[in-house]
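Working notes, structure below.
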Amino acid sequence: MSQPVTLITGTRKGIGRYLAEHFVARDHQVIGCSRSPTDWDTPGYQHFELDVCDEIAVRSMFSAIRKSHGRLDNLINNAGIASMNHSLLTPLKTVERILEVNLVGTFLFCREAAKLMQRARHGRIVNFTTVAVPLKLEGEAAYVASKAGVKSLTDVLAREYASSGITVNSIGPTPIDTDLIRAVPKQKIDELVARQAIKRLGRCEDVANVIDFYLREESDFITGQHLFLGGL
């Protein structure tokens, strides 16, 4: 195959930025997006500014990808937000925003990516869930609900897209030292890590390793699977 075309959401910082640089280094043509401009750039990377749950903006971006590349090989749905709060103290606007970004945004990107991928009857989609789902993490009701939705969405889309040669899998990272967890009290993170079989924070390299596996040509018989890091 010529240079794979890989789209990654939420690439301004954290895991998304790491993955963008990771796949550029592996000679992919990488496309990224975020709500704000990046403060970094690298050859082989193209950036779009948009909200992942803005349907008009997302469809416009996919139209641009179709015109410039003619195909899409891989989609990595990394964009996500969280808010640690007891359910009794969580405003409805917060719940709605978490569901929009994490679940609706993932659905929208999967749908539009599959439309483009099915032309070549080949594609890889990787969605992000979280270990907070199997751990039923208290204090994260809206976040866990949104990511449980992503897990179920992955199951259904794996079946819907299989006949088009598209695999759909998910990864569930443990806490990783990014902005997403820096507002969480250290005691809470330590308690979460203690529930893992391997008692350390995750690393971006751990995430990239799983995604590399899902994206391999030899992984065409693997779909509807969920890999949670850390050993739960």
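The values are calculated or read from the model by the stated rules, or taken from the named source; none is laboratory data. Keep in mind that what you see is a predicted model, and the values were worked out from it rather than measured. All Cβ positions, even for glycine, are placed from backbone atoms using ideal geometry, and neighbour counts span all protein chains on display.
Here A79 fulfils each of the conditions (1) among the small types (G, A, S); (2) assigned to a helix (DSSP H, G or I); (3) within 17 Å of the chain's Cα centre (by Cα) apart from (2). Applying the condition of being more than 10 Å from the chain's Cα centre (by Cα) and either among the aromatic types (F, W, Y) or part of a helix (DSSP H, G or I) (or both) to region 110-135 and asking which residue is nearest to S152 (Cα to Cα) yields C110. Among the residues of region 151-176, just one is under 19 Å from L232 (Cα atoms), buried (at least 22 other Cβ atoms within 10 Å of the Cβ) and hydrophobic (A, V, I, L, M, F, W, C), namely I171. Looking at (1) more than 21 Å from M84 (Cβ to Cβ); (2) buried (at least 19 other Cβ atoms within 10 Å of the Cβ); (3) of a type in the set (G, A, S), which is the one condition that is false for G231? That leaves (2) as the condition not met. Among the conditions (1) farther than 20 Å from R195 by Cα; (2) out of contact with any Asp or Glu (no Cβ under 8 Å at 6 or more places or on another chain), L108 misses just one, which is (2). The set of residues from region 77-126 being under 23 Å from I189 (Cα atoms), touching a Lys or Arg at 6+ places or on another chain (Cβ under 9 Å) and of a type outside the set (A, V, I, L, M, F, W, C) comprises G80, S83, N102. Answer yes or no as to whether S146 is modelled with pLDDT of 95 or more, crowded, with 18+ Cβ neighbours inside 10 Å, in contact with a Lys or Arg (Cβ under 9 Å, 6 or more places away or on another chain) and closer than 24 Å to A20 by Cβ. Criteria not met by S146. Considering region 168-212 alone, what residues qualify as being hydroxyl-bearing (S, T, Y) and over 13 Å from G231 (Cα atoms)? Result: S170, T178. Listed by first and then second residue, the pairs with beta-carbon distance under 7 Å, at least 6 apart or on different chains, first residue in region 208-222 and touching a residue at least 60 places away in the same chain (Cβ under 8 Å) and within 15 Å of T154 (Cα to Cα), second polar (S, T, N, Q) and not in a helix (DSSP H, G or I), are Y214/N169. The conditions of being in contact with a Ser or Thr (Cβ under 9 Å, 6 or more places away or on another chain), assigned to a helix (DSSP H, G or I) and among the acidic types (D, E) are met by D206. Scanning region 166-203 for residues that are of a type in the set (V, I, T), touching a helix residue (DSSP H, G or I) at 6+ places or on another chain (Cβ under 8 Å) and in a helix (DSSP H, G or I) gives I181, I189.
Restricted to region 31-82, and to residues there that are of a type in the set (A, V, I, L, M) and out of contact with any Leu (no Cβ under 8 Å at 6 or more places or on another chain), the residue that is nearest to K147 (Cα to Cα) is A79.
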